[in-house]
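Only the coordinates and a few stated rules stand behind these numbers; no lab work does. Keep in mind it's a predicted model, so treat the numbers as computed, not measured. All Cβ positions, even for glycine, are placed from backbone atoms using ideal geometry, and neighbour counts span all protein chains on display.
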Amino acid sequence: METNEGTAPGLDLEPAARQVRELIGSVDDGQLTGPTPCPDYSVRELLGHLFGLTVAFRDAAGKKPGPTTGTPPTASLPVLPGDWRTALPPLLDELVAAWRSPAALEGMTRAGGVDLPGRVAGMVARNELVVHGWDLARSTGQEFRADEASLRSSEAMLAPGDDDRSGPEAIFGPPVPVPSDASLMDRVIALSGRRPDWRPGD
């Protein structure tokens, strides 16, 4: 769902961000060292990645160059700040507010050290919340409830095109086969290179 403010509506990341806020509120300290569907990340590092991407895409919406938008996410393992429980929720609110501005979708911006159109950056931000929200839910035994608009956006962005899919595949890995009657959620997760049936210990 997009807002109707201005001549060119902004992007509504609220549903995806709200789901992440709910999930982080139920993460137990004892779960921070547990595994995630991201092979290189524990739950702690996954949360650190969510923290970093929230700041990066907030600043990308405002076209703010600097370390937050210019540093590739693979430069080092994410570090989770000690105050993440209180710091991350308001940052998610700032992310949502930033992308509601029509100006965020105009022109070019930068995120993760990559220059890309504003509208594409917004889609990437929403997809990051969806996919890593699912990662966090699955890693901590929680239910993940993504809205259909966010899932459709992720499916459109991750679906194979006419090229070699070097963009999404380079980030998430090759898609995982799923049955033809798989749910929209499972299709999106599979397109992101994850097994929809992943559980800790797999």
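General remarks:
- With helices as the sole contributors, the chain gives -15000 deg cm²/dmol at 222 nm; each DSSP H run of n ≥ 4 counts as -39500 (n - 2.57), and the sum is divided by every residue.
- The gain in end-to-end length when the Arg119 to Glu148 segment is fully stretched comes to 8.5 nm, 0.36 nm per residue minus the alpha carbon separation.
- Distance between the 7 Å Cα→Cβ label points at Val176 and Ala75: 3.1 nm.
- Net charge of Cβ neighbours under 11 Å - reference Gly141; Lys, Arg +1; Asp, Glu -1: 0
- Note on Thr33 and Ala97: with the Förster distance fixed at 35 Å, the Cβ-Cβ geometry gives a FRET efficiency of about 0.60.
- Label-reachable residues, segment 109-135, where backbone N falls under 11 Å from a point 7 Å from Lys63's Cα toward its Cβ: 109-110, 118
- Label-point gap, in nm, between Leu184 and Asp202 - each point 7 angstrom along Cα→Cβ: 2.2
- Among Ala103, Ala182, Ala56: highest mean-square fluctuation, GNM of the chain, C-alpha pairs under 10 Å: Ala182
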